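The values are calculated or read from the model by the stated rules, or taken from the named source; none is laboratory data. None of these values were measured; they are calculated from a predicted model. Here the Cβ is made from the backbone with ideal geometry for all residues, glycine too, and neighbour counts use every protein chain on show.
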Amino acid sequence: MKNLARKNDPIGSKEYCCEEGDLKFAGAHLLIELWTEHFLTDPNRIRNVIIKAIKACGATMLGIDLHVFTPNGGISGVAILQESHLSIHTWPEYHYAAIDLFVCGAVNPHLAIPVFRDEFMPEKIEIQEIKRGRLP
């Protein structure tokens, strides 16, 4: 993916759209599903994994918030990125986590996948990619 520059932007400004060949779009959205028994109830570990994944893909974190649910210990969280967001929802009773990573610009969301594999050690992982906001 490459970053598109607008003709009338001041010097140094960024365009946060993407281009692959003839396709122009607002951003790439990865839907990551993983099945694991590891760390789905550990908010500190999940916070660190989120931060590591954001750094790996080259995004800029603006803030992060996690919530732990009782009694099962599932966690929902979101990191707001300059380039969009990363969210996670865990269901420890099903050994399952859903992760959304939506980014725009020159950020490569695929670089976060090895972080999720290494940190959560899933038995199974499924990934879908959606190119959001196709532009003329």
Residue satisfying all of: in region 85-124; under 22 Å from Asn44 (Cα atoms) and of a type in the set (Val, Ile, Thr); surrounded by the most Cβ atoms within 10 Å (Cβ to Cβ) among these: Thr90
Top-ranked residue in region 1-43 [being in contact with a Gly (Cβ under 8 Å, 6 or more places away or on another chain) and of a type in the set (Ser, Thr, Tyr); ranked as modelled with the highest pLDDT]: Thr41
Of residues in region 85-136 being hydrophobic (A, V, I, L, M, F, W, C) and part of a helix (DSSP H, G or I), the one nearest to the chain's Cα centre (by Cα): Ala112
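Of the residues Val49, Val78, which single one is of a type outside the set (Gly, Ala, Ser), in contact with an Asp or Glu (Cβ under 8 Å, 6 or more places away or on another chain), outside any loop (DSSP other than H, G, I, E, B) and touching a residue at least 40 places away in the same chain (Cβ under 8 Å)? Full working, then the answer.
Details: Val78 fails: touching a residue at least 40 places away in the same chain (Cβ under 8 Å).
None of the others qualify; the one that does is Val49.
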Criterion violated by Phe69 - all others in (1) on the phi > 0 side of the Ramachandran plot; (2) at pLDDT 95 or above satisfied: (1)
